[in-house]
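Trainee: Once you've had a glance at the structure underneath, I'll fire off some questions.
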Amino acid sequence: MLVKNKLGKVLLVGAGPGPVDLMTVRAVRAVESAGALLYDALCSEEAVALAPPGCVRIQTGKRGGKPSMKQDEINRLMLRLARRGLQVVRLKGGDPSIFGRVGEEMAFLNRFGLETEVVPGVTAACAAAAQFGFPLTHRGEARRVVFTTARVEDGAVAGDWRMGGDPEATVAVYMGAEAAPAWARALMAEGRAAGTPVAAVENAGAPHARLAEMTLAELGAAPLRRGGGPLLIVVGEVAALAANRSGHHADQRAFA
Ligand code: SAH
């Protein structure tokens, strides 16, 4: 019989979009009791600052083209720290289950006999919708939400965009800024109307969040100008309801 491990669980925690008051109470408690905190590039300084003095803090991802730790390296590091008896908290931007590699990390840790627990977080699409006053679903207009990501492979956009052709689907595209013109054209090729509204939100959740509004055809015509923060692009009728809140500056197409 296998000896049950006496190590604590590794907590895979969603930090939400940045501000600590958009973290769950459970997430805050997890960070406050961490012995080792491994956090990705999207985690805010505010969230990391919740860790207690003496907590081992390791940034696993870097923004702006700087090298990030390899997934395998992160996995082994979590294992090593947990085996040292530390309460390991793996903190991720947004929700860990949405483009957060949480499945891979859970599988790895479980394979080595460590239990895991996921603490959910507010994903970028929900933060963007809340901040700019548009819903992700809307009765009679948007009956589905697609969380997707976009990548260009050999000059063509990868993946299946049929679902996004559905006029009643809201399509939230993560990590899709670079490939935006290509996937916007792919959506139109799947029958999505050229005039479909698009809301691009940079730094959702933060006080300096920016909204840019355009049509799908405009998105397909030229690359987006960006300010450098994380950018989420929402396509669908609901995007027409996006409105700039006081203090947020609207700009057609550009974040400048
Ligand atoms: N787990 C995260 C997503 C990680 S993938 C979540 O649930 O939000 C990283 C991508 O998420 C970024 O490239 C960007 O497209 C999006 N993203 C994450 N945080 C964001 C934010 N605050 N504002 C806008 N987009 C964000």
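Trainee: Report, by chain and number, residues whose modeled amide H sits under 5 Å from the one on Arg151, excluding near sequence neighbours (fewer than 5 apart, same chain).
Mentor: Ala158
Trainee: While we're on this one: Calculate for the chain the 222 nm mean residue ellipticity that helices alone would give, adding -39,500 (n - 2.57) per DSSP H run of length 4 or more and normalising by residue count, nearest 500 deg cm²/dmol.
Mentor: So the helix-based figure for the chain works out to -6500 deg cm²/dmol.
Trainee: List the extent of the Cα atoms of region 138-187 along each of their three principal axes, largest first, rounded to whole Å.
Mentor: 39, 17, 14
Trainee: Using a cut-off of 12 Å between beta-carbons, work out the net charge of the residues near Leu50 (Lys and Arg +1, Asp and Glu -1, Leu50 not included).
Mentor: Surrounding charge for Leu50 is -2.
Trainee: Take the alpha-carbon centre of region 10-49, take the same for region 115-155, and report the distance between them in whole Å.
Mentor: 20 Å
Trainee: Hey, another quick one. List the residues, sorted by chain then number, that are 5 or more residues from Leu42 or on another chain and whose placed amide H is less than 5 Å from its amide H.
Mentor: Gly93
Trainee: Taking loop as defined by DSSP and a crowding limit of 15 other beta carbons within 10 Å, which chymotrypsin sites (Phe, Trp or Tyr not before Pro) in region 54-145 fit?
Mentor: Taking region 54-145 and a limit of 15 other Cβ atoms within 10 Å, the loop chymotrypsin sites (Phe, Trp or Tyr not before Pro) found are Phe112.
Trainee: Let me know the charge dipole size of the chain about its Cα centre in debye, to the nearest 20, where only the beta-carbon of Lys, Arg (+1) and Asp, Glu (-1) is charged.
Mentor: Value, rounded to 20: 940 debye.
Trainee: So for the chain, averaging the separation of alpha carbon pairs under 8 Å that are six or more residues apart and normalising by length, what relative contact order in percent results?
Mentor: 19 percent
Trainee: What does the convex hull of the alpha-carbon atoms of region 1-158 project to on average, in nm²?
Mentor: 12.7 nm²
Trainee: Once phi is turned into ³J(HN,Hα) by the Karplus curve 6.51 cos²θ - 1.76 cosθ + 1.60 with θ = phi - 60°, what whole-Hz value does each residue of region 110-126 show in order, with x for glycine and proline?
Mentor: Using θ = phi - 60°, the values come out as 4, 4, 9, x, 9, 7, 10, 9, 9, 10, x, x, 6, 7, 3, 5, 5 Hz.
Trainee: Follow-up. Work out the charge dipole of the chain with +1 on the Cβ of Lys and Arg and -1 on the Cβ of Asp and Glu about the Cα centre, then indicate which of Leu114, Ala243, Val20 is farthest towards its positive end.
Mentor: The one lying farthest along the dipole's positive direction is Leu114.
Trainee: Could you work out the Rg to Rh ratio of region 99-256, with Rh taken as the Kirkwood radius (inverse of the mean 1/r over all Cα pairs)?
Mentor: Expressed as Rg/Rh, it is 1.01.
Since every read-out is calculated from the coordinates, none of them should be taken as a lab result. Treat the numbers as computed from the prediction; the structure is a model and nothing was measured. Glycine gets a Cβ as well: all are built from the backbone with ideal geometry, and neighbour counts include every protein chain shown.
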